[in-house]
Amino acid sequence: MQKILKLLTIITAPFIIGLSISEKEPSFNDLSHFTPNPEHLDGRFTGGFGEETCRSCHFDYDLNMDGGSLKIEGLDDTYQAGKSYEVTVSLQAEQLEVGGFQLTTRFENGSQAGEINWNSDRLMFTPSISDGVKYLQHSAEGTSPTGNREIHWVFSWTAPSSGKPVVINIAANSGNYDDSSFGDWIYVTELTLKPE
């Protein structure tokens, strides 16, 4: 009899503990307990230099879907050494409810090229990356659309003094704001600037 009671205790204990925990935690169907964490980027996702893109998590659709676009404005095919450029990254898509991006400016050897600055609360550097290359991305405030089905971010880039080509890689996520990895469209682009 004692063996049966001991066996019943072992079998039912996890079930009883599970019930008490589930009463304290919100239902998985209740999305109100989810806190959007748009700055959760933990790694390199620009699509350049062998890096993955946002599609490593948001994998529903092909890259660069029809019905949307990713543009970098304020730069041409060349740059002047030491000159400061105002750059606008624009993302537009039919299903955009929220957006994000990650961008780098690198020499062809992968090292940092130039300096990036901004004066709004819509941008930040990816905090998990501490090597010599800066990864610019959206902040929590910077995920809100700036127009109908579009979003943009503005920063300044000071070109390097070195007369070498600069490669700009950017990946962006046009999200449908359902707090999941599904239904989002990912766009990537690369721009190479040659010194004048």
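The listed residues are G175, G99, G142, G163, and the only one of them that is in the same structural domain as G74 (by TED's automatic domain parsing), surrounded by 15 or more Cβ atoms within 10 Å (Cβ to Cβ), modelled with pLDDT under 95 and of a type in the set (G, A, S) turns out to be G175. Among the residues of region 50-59, none qualifies, meaning not one is in contact with a Pro (Cβ under 8 Å, 6 or more places away or on another chain) and touching a residue at least 40 places away in the same chain (Cβ under 8 Å). Condition first: among the aliphatic types (A, V, I, L, M) and over 16 Å from the mean Cα position of the chain (by Cα). Now tell me which residues in region 162-194 satisfy that. If the condition is that a residue be among the aliphatic types (A, V, I, L, M) and over 16 Å from the mean Cα position of the chain (by Cα), then V166, V167, L191, L193 are the ones that fit.
Tell me, yes or no, whether region 108-123 has at least one residue that is among the hydrophobic types (A, V, I, L, M, F, W, C) and in a loop (DSSP other than H, G, I, E, B). Within region 108-123 (the criterion being among the hydrophobic types (A, V, I, L, M, F, W, C) and in a loop (DSSP other than H, G, I, E, B)), the answer is yes, since at least one residue qualifies. Residue count for region 30-74 satisfying the condition of being over 15 Å from L103 (Cα atoms), of a type in the set (A, V, I, L, M) and at pLDDT 85 or above: 1. Out of all the residues in region 148-157, is one or more among the small types (G, A, S) and either over 24 Å from E196 (Cβ atoms) or assigned to a loop (DSSP other than H, G, I, E, B) (or both)? Checked region 148-157: no residue is among the small types (G, A, S) and either over 24 Å from E196 (Cβ atoms) or assigned to a loop (DSSP other than H, G, I, E, B) (or both).
The values are calculated or read from the model by the stated rules, or taken from the named source; none is laboratory data. The model shown is predicted, which means the values in this text are computed figures rather than measured ones. As a convention, Cβ positions derive from the backbone with ideal geometry for all residues, glycine included, and neighbour counts pool all protein chains shown.
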